[in-house]
Amino acid sequence: MSVIRLLVLGAVRQHGRAHGYQVRNDLEYWGAHEWSNAKPGSIYHALKQMAKQGLLHAHEVAPSTAGGPPRTEYEITGRGTEEFFRLLREALTSYDQKPDVLSAGLGFIVDLEREEALALLERRMRAIGEWRKAVTEYYTPEEGPGQLGHIGEVMDLWVHSADTGADWTRGLIERIRGGAYTFAGEGEPFVAVLAEGEENPYATGERHPGDAR
């Protein structure tokens, strides 16, 4: 599961058309540089790679009046949109990945219709339950970790992680069923992207040669 691909495709899709610095600015605004591998080099590499793969269309834009090389603006293609939704659905249903996978999926969950989002989260609940059941075939939580020596602490961590993940997912399902948030087809969704030239309070300050001037 490629978190950086999901994040970059989602950011470009929200803008409609965006250059590398805008995408990077958005990901930093969302804090993705702290909880994922969305670092400047990874972002620019992902943009170029996905353009080569036909997931993004690269538009050459004339240099700014301040001079400098032409910048490239990216637009998501039909194939890119399909890949975005594939990655989004995978992120929302996976239970055995790093926290950045689910975090990225949650960032774009409202791009889905409400009923599909609920169905995916229910799938996640079932997967967590099956995983917990597999762990407890070898480990009995009621007896505590000592039954397997210090290795039992690993099993105990897995069980607690499964229970916490299930509780949190159950709460999210209840909130969404209760009408929280604006999903696809329900009106104008909440979109957290920065406008051209808008100051980003979380920017790291480093720029790239192909960025907007």
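Observations
- The set of residues in the range 142-157 that are crowded, with 16+ Cβ neighbours inside 10 Å, of a type outside the set (Asp, Glu) and in a helix (DSSP H, G or I) comprises GLY152, MET155.
- Positions within the range 144-195 being closer than 22 Å to GLU113 by Cα, modelled with pLDDT under 90 and in contact with a helix residue (DSSP H, G or I) (Cβ under 9 Å, 6 or more places away or on another chain), in sequence order: PRO189, PHE190, VAL191, ALA192, VAL193
- Taken together, ALA127, ALA180 contain a single residue that is assigned to a loop (DSSP other than H, G, I, E, B) and under 28 Å from PHE84 (Cα atoms), which is ALA180.
- Annotation: of all residues in the range 95-119 being of a type in the set (A, V, I, L, M) and within 17 Å of TRP35 (Cα to Cα), the one that is surrounded by the fewest Cβ atoms within 10 Å (Cβ to Cβ) is LEU106.
The values are calculated or read from the model by the stated rules, or taken from the named source; none is laboratory data. Just so it is clear, the structure is predicted and the values come from calculations on it, not from any experiment. For neighbour counting, all protein chains shown are included, and Cβ atoms are generated from backbone atoms with ideal geometry for every residue, glycine included.
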